[in-house]
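Remarks on the structure that follows.
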């Protein structure tokens, strides 16, 4: 089954404690992206990657890091989380050569930073 | 900077009625997407509109794109309760990097 998976699905942590949210897709997609969703703000892009070892900032990259060492994985790293990073996070993937370019979204990770 | 505006933000309508959600965007783009999100769930792709004049229909939902007016509409025909959800439009930038800018969403509630 074609899918995007994220782990963990729920996470409560404290300020300053480094964490990683993993994202994996099994569709051989080149493009992957991270979004955060906040009430009244819709989804905002954090970082994206066009392919392995190619990443770039989205609209709200401050406080986040990413890496793309393998095509299927695109982890989101919060080196020193702060309460304003409490949010719902989605990973997405797509393929420019896939025809419709539809972005497939993961199930989401709800992060609370105390 | 690409900006995407949806309206209305909230919509409560009776079953059986028709209504339209509007999505305006600020800069040139040829690709527009509509997504549905149920409470506590991820985003589900509804439509991909790739050219001016594109029209897609699935069941009671129909989406259209006017790139000259920078406007897309999502029309709901004879609404049923199952269509209650939040609907997002998203516009892809024309820079070839597949970056999506989302509208803030329309929360649709269908009242029996």
Subset of the range A:1-30 [buried (at least 19 other Cβ atoms within 10 Å of the Cβ) and over 14 Å from residue A:70 (Cβ atoms)]:
A:4, A:6, A:21
Here are some residues: A:73, A:51. Which one is at pLDDT 95 or above and in contact with a strand residue (DSSP E or B) (Cβ under 9 Å, 6 or more places away or on another chain)?
A:73
Enumeration of residues in the range A:37-56 that are within 11 Å of chain B (Cβ to nearest Cβ) and either crowded, with 19+ Cβ neighbours inside 10 Å or in contact with a helix residue (DSSP H, G or I) (Cβ under 6 Å, 6 or more places away or on another chain) (or both):
A:37, A:42, A:43, A:45, A:47, A:48, A:49
Within the range B:95-110, track down each residue that is at pLDDT 90 or above and more than 13 Å from the chain's Cα centre (by Cα).
B:109, B:110
Examine the range A:98-114 for a residue that is at pLDDT 95 or above, under 30 Å from residue B:10 (Cβ atoms) and touching a helix residue (DSSP H, G or I) at 6+ places or on another chain (Cβ under 6 Å), and state whether such a residue exists.
yes
Those residues of the range B:62-112 which are within 14 Å of chain A (Cβ to nearest Cβ) and outside any strand (DSSP E or B), in sequence order:
B:93, B:94, B:95, B:96, B:97, B:98, B:99, B:103, B:104, B:105
Report yes if some residue within the range B:62-83 is more than 27 Å from residue A:6 (Cβ to Cβ) and in contact with a helix residue (DSSP H, G or I) (Cβ under 8 Å, 6 or more places away or on another chain); otherwise report no.
yes
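On the basis of being in contact with a strand residue (DSSP E or B) (Cβ under 9 Å, 6 or more places away or on another chain), surrounded by 13 or more Cβ atoms within 10 Å (Cβ to Cβ), farther than 15 Å from residue A:6 by Cβ and facing another protein chain (nearest Cβ under 10 Å), does residue A:68 make the cut? Lay out the reasoning, then the answer.
On the way: in contact with a strand residue (DSSP E or B) (Cβ under 9 Å, 6 or more places away or on another chain): yes; surrounded by 13 or more Cβ atoms within 10 Å (Cβ to Cβ): yes; farther than 15 Å from residue A:6 by Cβ: yes; facing another protein chain (nearest Cβ under 10 Å): no.
Considered against the rule, which asks whether it is in contact with a strand residue (DSSP E or B) (Cβ under 9 Å, 6 or more places away or on another chain), surrounded by 13 or more Cβ atoms within 10 Å (Cβ to Cβ), farther than 15 Å from residue A:6 by Cβ and facing another protein chain (nearest Cβ under 10 Å), residue A:68 comes out as no.
The values are calculated or read from the model by the stated rules, or taken from the named source; none is laboratory data. Remember, predicted model here, so these are calculated numbers, not experimental data. Virtual Cβ from ideal backbone geometry, glycine too; neighbours counted across all protein chains shown.
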